[in-house]
1. Calculate the mean, over all residues of peptide A:40-49, of how many other protein chain Cβ atoms lie within 10 angstrom of the residue's Cβ.
2. Under 10 Å, Cα contacts only: if you run a Gaussian network model on chain B, which one of B:54, B:26, B:99 comes out with the highest mean-square fluctuation?
3. Which of B:65, B:32, B:100 ends up with the largest GNM mean-square fluctuation for chain B, with Cα atoms connected below 10 Å?
4. Where a ≥ b ≥ c are the square roots of the eigenvalues of the C-alpha gyration tensor, would you call the range B:1-77 rounded, which needs a/c under 1.5, or, failing that, prolate if a/b is larger than b/c, or oblate?
5. Give me the distance in nm between label points sitting 7 Å out from Cα along the Cα-to-Cβ direction at residue B:5 and residue B:73, one decimal.
6. Going by how many other Cβ atoms sit within 10 Å of their own, how do A:32, B:103 line up, fewest first?
7. With a 10 Å cut-off between alpha carbons and a GNM built on chain B, which of B:57, B:78, B:42 moves the most?
8. By how many nm would the segment from residue A:10 to residue A:95 lengthen if fully extended, with 0.36 nm per residue of separation less the alpha-carbon distance?
């Protein structure tokens, strides 16, 4: 079955730098992959969706890449701010059309 | 911006009792979902609902669970006889098209079974 791996350790980044988070999957390449932000005690908030035929997607300071050869997506936040501190989740659809989720990477932006 | 609304925000129930978690999805969305997240763990898919019927369900969604869309706005999750291990955050989500758009999640209901 499809598995998703995200860095389980927290990522500490200095304010103003670029944060890069990794999402790896193990089996077939999904038709699309999504990134969400989750704050403690809150529901996930949709950020970006990238489809298998897209190499890169941007939205303001956010950028997502999708490499189906490496089975990997990278999520970048440029000019990071303390308000970007949160857990970032990667999600993709499995063969049963169910969205499965990574455990998330906690991002801490230090002033 | 449109929101998915969930009530209650926190529910405490005794083991064996029935609970109903309520959600009002975004009005023009067509696909509705329930997910759960046990504290400190991954988000887990429970069930998807489209065109007034269940389209997919996970192994977690056993006979103790049911969903309903009783009218044009509400979407409910019922747990018939709660167990301690049902304690989790339950999130409702909706989307207009999951291939092109992401999901909009509610703020969740924290269910505590004692």
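1. Values: counts 0, 6, 6, 16, 10, 4, 7, 1, 1, 6.
Average per residue, whole number: 6.
2. Top of the fluctuation ranking is B:99.
3. With Cα springs under 10 Å in chain B, the top fluctuation among B:65, B:32, B:100 is at B:100.
4. rounded
5. 0.6
6. On the way: A:32 19, B:103 25.
Ranked by crowding around the Cβ, least crowded first: A:32, B:103.
7. For chain B, modelled as a Gaussian network with Cα springs under 10 Å, the answer is B:42.
8. Working: separation 85, 0.36 × 85 = 30.60 nm, distance 3.00 nm.
Gain in length upon complete extension: 27.6 nm.
A short reminder: the numbers here are calculations on the coordinates, not readings from a lab. In this text, all values refer to a predicted model and were calculated from it rather than measured experimentally. Quick reminder, even Gly has a Cβ in these numbers, built from the backbone with ideal geometry, and neighbours come from all protein chains shown.
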